[in-house]
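**Q** Below: one structure in structure tokens.
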Amino acid sequence: MTIRALLAVILLALVAGIYLFVNAPQALPDGVVSGGKKFSAQEVLEICAAENAVIRELYTKNIVESGLKAGLKFDEKWRETNVDAGPLPALFLRETAKNLAKGPTRLGLFLGSDSPINKANQFSGLQADAFLQMRRDRSPRHFFMDDVKANAAMFPDVAVTKGCVDCHNRHVDSPKRDWKVGDVMGATTWTLASSTLSVSEAIDTIAALRRSFRDAYVAYIEKAKTFSAPPEIGKKWPSEGHCLPDPDSFMEEAERRASRMTLDRLLSHR
């Protein structure tokens, strides 16, 4: 059987959420799955960035933007006990990055900017140079970070909603106050220590990213349960009222939106 046929058999399971869902089964041995074929770090990082774009839009538009209309709040101090709020989109991504750092995979994630609200997110060195180039044409940048010995890929972080723009423009610590929807507000930098990955390693990496997304959302749901007026948590979304989808419902929707795209990217590998 060819590598493409083998991938088709295994990766069709991806669409149903078998390999990339939280309770993914143990990966098959590389000799069975990949036939020795490899994915480059660039290919895997592009898939991770695409997965991130899907879930960022889902969280920003369907949780934060709709949630604000339903009376939910989102704040940079969301973790404080006296704050009845969830994480802003950038903080949801930061939570995801923290979860990745705790896991066994060597996938890294950093959200930065040349005009960040939090100075810890200021690009410097090689990342600053890459971002300057990327801002000009909005094309991803791939490079090697010698200080951490990792392959890196930088992708533009675009303002997708008016809420994101208004929040940054109003923030007291914002160094820039004329952001517009569609602007490149920053970039995500993804890193992988390995130059190549087997099929099972690539699948494991994407699965780890999805688990990190889920854990970030679980942290929000656990905080929401402590609100003085907690939302209903179940199958409903904020567009239906003072509600939040449970983690399974949130991830099912994220996977529904991303899995076809991820499958196509994996199957396009030769």
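Bear in mind that the values in this text are calculations on the coordinates, not laboratory data. Keep in mind that what you see is a predicted model, and the values were worked out from it rather than measured. Methodologically, a virtual Cβ is constructed for each residue, glycine included, from the backbone with ideal geometry; neighbour enumeration extends over all protein chains shown.
**Q** Among the GluC sites (Glu not before Pro) within segment 70-118, which fall in a DSSP loop and have no more than 14 other Cβ atoms within 10 Å of their own Cβ? Numbers along the way, then the final one.
**A** On the way: sites: E76, E80, E95; in loops: E76, E80.
Answer by residue number: E80.
**Q** Distance check, please: which entries in K38/K61; K149/K223; K69/K176; K38/K225 exceed 32 angstrom between their Cα atoms? Before the final figure, lay out the partial values.
**A** Details: K38/K61 36 Å; K149/K223 37 Å; K69/K176 26 Å; K38/K225 44 Å.
In this structure, K38/K61; K149/K223; K38/K225 lie more than 32 Å apart at Cα.
**Q** Mind ranking 248-257, 120-129, 42-51, 85-94 by how tightly packed they are, going by the mean number of other C-beta atoms within 10 angstrom, highest first?
**A** 85-94, 42-51, 248-257, 120-129
**Q** By how many nm would the segment from R256 to K180 grow when fully extended, if each residue of separation counts as 0.36 nm and the alpha-carbon distance is taken off? Provide the component values of the computation, followed by the final result.
**A** On the way: separation 76, 0.36 × 76 = 27.36 nm, distance 2.94 nm.
Full extension from R256 to K180 adds 24.4 nm.
**Q** How large is the helix-only mean residue ellipticity at 222 nm for the chain, computed as the sum of -39500 (n - 2.57) over DSSP H runs with n ≥ 4, divided by its residue count, in deg cm²/dmol to the nearest 500?
**A** Numbers: 9 runs with 121 residues, N = 270.
Taken over the chain, the calculation gives -14500 deg cm²/dmol.
**Q** Long-range amide H contacts for L88: which residues qualify at under 5 Å (H placed 1.01 Å from N, peptide plane, sequence gap of 5 or more or a different chain)?
**A** Here the answer is D75, since their amide H atoms fall under 5 Å of that of L88.
**Q** With Cβ to Cβ distances under 13 Å as the rule, what net charge do the other residues near F155 carry (K, R +1; D, E -1)? Present the calculation step by step, with values, prior to reporting the outcome.
**A** Numbers: positive: R56, R135, R138, R141; negative: E46, E51, D137, D157.
Net local charge, F155 excluded: 0.
**Q** Still on this model: Using only the alpha carbons, work out the radius of gyration and Dmax of segment 131-214 in angstrom.
**A** Cα radius of gyration and Dmax of segment 131-214 are 16.2, 47 Å respectively.
**Q** Binned at 10 Å from 0, what are the whole-percent values of the Cα-Cα distance distribution for segment 211-270, short to long?
**A** Answer for segment 211-270: a P(r) of 21, 42, 22, 11, 4, 0 percent.
**Q** Mean Kyte-Doolittle of at least 1.6 plus a Cα span of 15 Å or more along the axis: flag which DSSP H helices in the chain meet both, please.
**A** Span-like helices, by this rule, are 3-15.
**Q** What are the extents of the Cα atoms of the chain along their three principal axes, in Å, largest first?
**A** Principal-axis extents of the chain (Cα, largest first): 56, 44, 29 Å.
**Q** K180: net charge of surrounding residues, Cβ under 15 Å, Lys/Arg +1, Asp/Glu -1, itself excluded?
**A** +2
**Q** What percent does the relative contact order of the chain come to when contacts are Cα pairs within less than 8 Å and at least six residues apart?
**A** Relative contact order here is 29 percent.
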